[in-house]
1. Assign unit charges at the C-beta atoms only (+1 for Lys and Arg, -1 for Asp and Glu), then state the dipole size of the stretch 91-224 relative to its Cα centre in Debye, rounded to the nearest 20.
2. Which of the GluC sites (Glu not before Pro) across the stretch 220-322 are loop residues per DSSP, with 16 or fewer other Cβ within 10 Å?
3. Treating the beta-carbon of each Lys and Arg as +1 and of each Asp and Glu as -1, no other charges, what is the dipole magnitude of the chain about its Cα centre, to the nearest 20 debye?
4. Can you give the local net charge around Ser339? Use residues other than it whose beta-carbon is closer than 12 angstrom to its beta-carbon, Lys and Arg +1, Asp and Glu -1.
5. Through the Karplus equation 6.51 cos²θ - 1.76 cosθ + 1.60, θ set to phi - 60°, convert the phi angles of the stretch 129-134 into ³J(HN,Hα) values in whole Hz; use x for Gly and Pro.
6. In terms of modelled amide H atoms, which long-range or inter-chain residues lie less than 5 Å from the amide H of Glu249?
7. Based on the mean of other Cβ atoms within 10 Å per residue, sort peptides 331-343, 113-125 so the most packed one is first.
8. Cys76's amide H: which non-local residues (gap 5+, or another chain) put their own amide H closer than 5 Å, with H modeled 1.01 Å from N in plane and none for Pro or chain starts?
Amino acid sequence: QKEGYRFFMEKEIYEQSYVMIETMMGRVLDENIILDELDKDFLDGINAIKICACGTSYHSALTAAYLFERLAKIRCDVEIASEFRYKEPLLGQDTLFITISQSGETADTLEALKMAKRAGLKSLSICNVDNSSIVRESDAAILTRAGIEKGVASTKAFATQTMVLWMLALYVGQEKATIAPEVLKTEIDAMRHTPKALTVTDELHAKLHRLSKRYLHGHGFFFIGRDIFFPLALEGALKLKEISYLHAEGYPAGEMKHGPIALADAELFTIALMPKTMHYEKIKSNVEELSARDATICAISPEPFDLADDFIQTQYCTHPMIEFFEMMVVTQLLALEISIRLGNDVDMPRNLAKSVTVE
Ligand code: F6R
């Protein structure tokens with residue numbers, strides 16, 4: 001059932017364009033977001049959002065926090081479920097508690113949800129498996145419609161989680177009238193363009209295959225980005241770690257000079273996420289600093305960048321989320337190609353399981 005692909009992960013990367021259409025189906029209509037899963041009064045009394053998740057799902061949560069605050073003007077904070085569980089969190093009754101989980105069975109996320117429920121919070125889950133424990137435990141659920149994900153390293157689940165969270169941020173803004181109609185329209189237009197941005201071309205895949213041979217050794221990777229591209233950097237690093245067993249870290253680009261730049265030399269590989277729609281000049285100067293210390297730079301950007309040792313050109317587009325999804329595909333394919341060259345089992349990386357039902 002790999003349908004000609006070498007690994008399920010590869011197949012799932014290619015499926016992303018299609019599953020995004022599925023995830024949007026019936027939910028993005030004209031100039032509105034429709035979420036039938038939520039009762040009309042679901043958001044009544046809600047003035048803040050807290051999200052709990054683990055791993056890749058945590059990275060989609062971090063992305064969402066920028067979107068909720070920027071688009072819906074609602075406070076949002078995010079916690080790793082295994083940390084949240086053992087804190088003594090102060091939970092306001094006006095907070096909507098969101099859990100994100102591909103499997104719906106992650107023990108730490110489930111326990112965090114139970115804790116929030118005991119504290120009397122309203123709960124919503126974003127999940128890929130209907131009737132899973134987390135869905136059953138939540139007051140409401142929005143399914144991601146990614147289809148079964150077999151590769152241990154999550155790809156299409158992350159893409160659809162991020163899409164649902166983006167829709168939800170717009171929905172909250174729409175229902176609470178905190179988003180201007182013209183902004184809502186621009187966002188929905190951009191949303192409709194994302195499936196195209198996720199299409200993998202032969203040219204892109206071949207380029208990443210060629211380029212991957214440079215990145216098999218060395219003493220580590222830094223994925224850097226700003227704003228929503230910071231959680232994407234975390235996710236890019238996690239993908240690479242999981243299937244290549246190489247050390248990789250995601251870092252906010254502006255934070256490198258506060259310590260990690262000390263590691264910079266030719267053996268330090270920096271994957272720089274350089275979108276044109278968001279803080280381009282800032283990230284450019286962060287990358288220049290690293291290049292001046294001899295770090296090997298792989299730049300992902302629509303804008304050609306002279307100092308890059310390798311350059312992966314993305315499309316010029318008008319919206320950060322389109323750039324986000326395009327760059328997400330690049331980082332996934334890079335991890336895939338490095339892992340294949342190293343001879344690893346991409347779908348079943350050592351020490352990992354698809355569903356983590358123990359804490
Ligand atoms: C990474 C990955 C894991 C999961 C994490 C949470 O590729 O798959 O980090 O994201 O174990 O799993 P779910 O989303 O099922 O709660």
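We did not get these values from a lab; they are worked out from the coordinates using the rules stated. Bear in mind the structure is a predicted one, so any value in this text is a computation, not a measurement. Neighbour counts are summed over all protein chains in view; Cβ atoms, including those assigned to glycine, are modelled from backbone coordinates with ideal geometry.
1. 420
2. Within the stretch 220-322, the qualifying GluC sites (Glu not before Pro) (loop, at most 16 other Cβ atoms within 10 Å) are Glu267.
3. 320
4. 0
5. 10, 5, 6, 6, 4, 5
6. Those lying under 5 Å, H to H, from Glu249 are Phe221, Phe222, Phe223.
7. Ranked from most to least packed, the peptides come out as 331-343, 113-125.
8. Those lying under 5 Å, H to H, from Cys76 are Ile49.
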